[in-house]
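Since the structure comes first, as structure tokens, the remarks are kept for the end.
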Amino acid sequence: MTGRTAAAGESPPFPLARAGQRGYTWAVILIQRVRVRWTADARGAPAANARRGLVRAMPLPRALPEGEVVVHDVLADQAAGYKHRDGVRAGDVALTREAGLWLGRDQACIVVDRLPGSAAFPRPSASARLFTLAPGQVGRYRANFRFTGCGCDPSWYYEEWLVHVGHGAVASFGAPDRDVDHRVHLYG
């Protein structure tokens, strides 16, 4: 998906961009979601050692597409030998749903909420407020989940997430201005 830019004299399609016309300093919203995925068979210490250090901020691609929202999605899957595979998409705020987030605005700030997901544990609840970011700020959200395909397939898999949200263009994700950690013990 590529972003659409407003033609001269045309209002941009998303309120974040329209806010810039009223004097706010809206820039691109940059999201990086890094996920590590593993199966129930890889729950022991040797497998955990193989995953250690994989959930970390990754270098951003040199050229990012234009869009109001840019999502850099990175997955290190056990099935692929934990090799990081990434993709970049740009578009409007609806793109944030694919990363499990929703954006709103409060004056010149963006409000970042976590949407309920399909995890079996922790149980999905209503959307939760993660943080509010002023222009130039970065937020970090960490979480882990246990998933199952469906009732007919009782095989579990797990994911650990590291999500950075930048309100404005950033060269890399370092120390965040806001930090939310929702990691839980998954193996009960």
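Mind checking whether some residue in segment 180-188 is of a type in the set (Lys, Arg), open to solvent by 40 Å² or more (accessible area, probe 1.4 Å) and at pLDDT 85 or above?
There is no residue in segment 180-188 that is of a type in the set (Lys, Arg), open to solvent by 40 Å² or more (accessible area, probe 1.4 Å) and at pLDDT 85 or above.
Met58 fails exactly one of the following numbered conditions: (1) modelled with pLDDT under 85; (2) of a type outside the set (Gly, Ala, Ser); (3) surrounded by 14 or more Cβ atoms within 10 Å (Cβ to Cβ). What is the number of that condition?
(1)
List every residue pair whose Cβ atoms sit under 6 Å apart, with the two residues 6 or more apart in sequence or on different chains, where the first one lies in segment 130-145 and is among the basic types (Lys, Arg) and the second, anywhere, is open to solvent by 50 Å² or more (accessible area, probe 1.4 Å) and at pLDDT 95 or above.
Listed by first residue and then by second, the contacts come to Arg140/Asp179.
Going through segment 36-54 one residue at a time, which ones are part of a loop (DSSP other than H, G, I, E, B), open to solvent by 40 Å² or more (accessible area, probe 1.4 Å) and at pLDDT 85 or above?
Hits for segment 36-54 are Arg52, Gly53.
Scan segment 55-84 residue by residue and report those that are among the hydrophobic types (A, V, I, L, M, F, W, C) and over 16 Å from Gly166 (Cβ atoms).
Within segment 55-84, Val55, Ala63, Leu75, Ala76, Ala79, Ala80 qualify.
Would you mind stating whether Arg85 is more than 21 Å from Val180 (Cα to Cα) and without any contact (Cβ under 8 Å) to a residue 24 or more places away in the chain?
Taking the combined requirement at face value, the residue satisfies it.
Across segment 72-122, what is the number of residues that are open to solvent by 50 Å² or more (accessible area, probe 1.4 Å), at pLDDT 90 or above and among the polar types (S, T, N, Q)?
Number of matching residues: 1.
The values are calculated or read from the model by the stated rules, or taken from the named source; none is laboratory data. Just so it is clear, the model here is predicted, and its values are computed rather than measured. All Cβ positions, glycine included, derive from the backbone under ideal geometry; neighbour counts span all protein chains shown. All accessible areas refer to the heavy atoms of the entire protein, side chains included, with ligands and DNA or RNA removed. Shrake-Rupley method; radii C 1.70, N 1.55, O 1.52, S 1.80 Å.
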